[in-house]
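Enquirer: I'd like to ask some things about the structure below.
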Amino acid sequence: MSHANAFDGRGRSAASARRAHVHAHHPDRRDFLRRWSLLMIASFRCREACAVHFGVTFQTACNWFDGFNAPYGQHVDYAVETLPRYAEIMRGK
């Protein structure tokens, strides 16, 4: 019996990999990513300023601006506290 490939998707079976990614195209996630992207664009003059504000890498800021990745909870919490347009853009208020 061969060993599991350490570089092959965290060792998941095909069935569990499908279950793990079942919500990858969930409409609420897409909507959140779109709104988060709009918030970043409205709040920062450039991606570098966003990266500095949140203490993340430039690549992370780029991913947020482009709507590719969602932030971790601590970043959302920090945005609630520090970005004046958070409620308007994220909650539609």
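Enquirer: In percent, how large is the relative contact order of region 27-91, given Cα pairs closer than 8 Å and 6 or more residues apart?
Expert: Values: 53 pairs, mean separation 26.5, N = 65.
That works out to 41 percent.
Enquirer: Once you put a point 7 Å from the Cα of residue 80 and another 7 Å from the Cα of residue 30, both along the Cβ direction, what distance in nm separates them?
Expert: Those two pseudo-labels are separated by 2.7 nm.
Enquirer: Expressed as a whole percentage, what fraction of the accessible surface of region 27-91 belongs to carbon and sulfur atoms when a 1.4 Å probe is rolled over the protein heavy atoms? Intermediate values should be presented prior to the final figure.
Expert: Working: 2060 of 3930 Å².
Looking at region 27-91 in its full context, I get 52 percent from C and S.
Enquirer: Let me ask something additional. Would you mind getting the accessible area per residue of region 27-91, heavy atoms of the protein chains only, 1.4 Å probe, in Å²?
Expert: Details: 3930 Å² over 65 residues.
Heavy-atom accessible area per residue stands at 60 Å².
Enquirer: In the full protein assembly as shown, how much of residue 41 is accessible to a 1.4 Å probe, in Å² to the nearest 10?
Expert: Number for this one is 90 Å².
Enquirer: Same structure, new question: About its Cα centre, what dipole magnitude does region 27-91 give when the only charges are +1 on Lys and Arg Cβ and -1 on Asp and Glu Cβ, stated in debye to the nearest 20?
Expert: Details: 8 positive and 7 negative charges, 35 e Å.
Using Cβ point charges on Lys, Arg, Asp and Glu, region 27-91 gives about 160 debye.
The values are calculated or read from the model by the stated rules, or taken from the named source; none is laboratory data. Treat the numbers as computed from the prediction; the structure is a model and nothing was measured. Note that each Cβ is placed from the backbone with ideal geometry, even for glycine, and that neighbours are counted across all protein chains shown. For the accessible areas, the whole protein counts, side chains as well, though only heavy atoms, and no ligand, DNA or RNA atoms are used. Shrake-Rupley method; radii C 1.70, N 1.55, O 1.52, S 1.80 Å.
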